[in-house]
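What follows draws every value from the coordinates through simple rules; no lab data is involved. Quick caveat, the model's predicted, so the values are computed rather than measured. Counting neighbours? That spans all protein chains shown, and the Cβs are built from the backbone with ideal geometry, glycine included.
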Amino acid sequence: MDRTSIAQKAQNHVAQVACRELGFQEIGMYFYDSSNEPKEALRSRFDGMIASLANNDTVIFQSPSWNPIEWDMELMNRFSIYAGVKKLFLLKTWDH
């Protein structure tokens, strides 16, 4: 993960436009080594990240998050503590 990569710049731009032009609120998500993080610590981290969510909100998840897929899945599962949360996904694909 490189802050100067085109993919990262594009993801940041999408988030900036969504917040500025459409009134969305960004959930700060950062890349870090979570391989040794206990499940309870991870859940606490997620709870802090999504504390501003409310029942029936819509979350748009940009992928890749640059974290392991297991991390992404745990975060998606954590959204379920709010009733009626809708999940939309923006996926970046690469041409080979």
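The helix-based estimate of mean residue ellipticity at 222 nm for the chain, built from -39,500 (n - 2.57) per DSSP H run of four or more residues and divided by its residue count, is -12500 deg cm²/dmol to the nearest 500.
Here the Karplus curve 6.51 cos²θ - 1.76 cosθ + 1.60, taken at θ = phi - 60°, turns the phi angles of the range 52-65 into couplings of 7, 5, 9, 3, 6, 6, 10, 10, 9, 9, 8, 10, x, 8 Hz, with x standing for Gly and Pro.
Candidates Asn67, Leu88, Ala7 compared by Cα position along the dipole of the chain: farthest toward the positive end lies Leu88, with charges placed on Cβ. Tell me whether the chain comes out rounded, prolate or oblate; compute the Cα gyration tensor, take square roots of the eigenvalues as a ≥ b ≥ c, and use a/c under 1.5 as the rounded threshold. Oblate shape, in that a/c is at least 1.5 and b/c is the bigger or equal ratio. Computed over neighbours whose Cβ is under 14 Å from that of Asn56, the net charge equals +1, Lys and Arg +1, Asp and Glu -1. Amide H contacts of Phe61 (H built 1.01 Å from N, in plane; Pro and chain starts excluded): Leu88, Phe89, Leu90 sit under 5 Å, all sequence-distant by 5 or more or on other chains. Using the average count of surrounding beta-carbon atoms within 10 Å as a protection proxy, the listed peptides 16-27, 66-77 rank, highest first, as 66-77, 16-27. Here the range 28-91 is treated with +1 on each Lys and Arg Cβ and -1 on each Asp and Glu Cβ, and its dipole about the Cα centre works out to around 220 debye. Across the range 28-91, Cα pairs under 8 Å and at least six residues apart give a relative contact order of 44 percent.
A simple charge model with +1 on the Cβ of Lys and Arg, -1 on the Cβ of Asp and Glu and nothing else charged puts the dipole of the range 1-67 at about 100 debye relative to its Cα centre.
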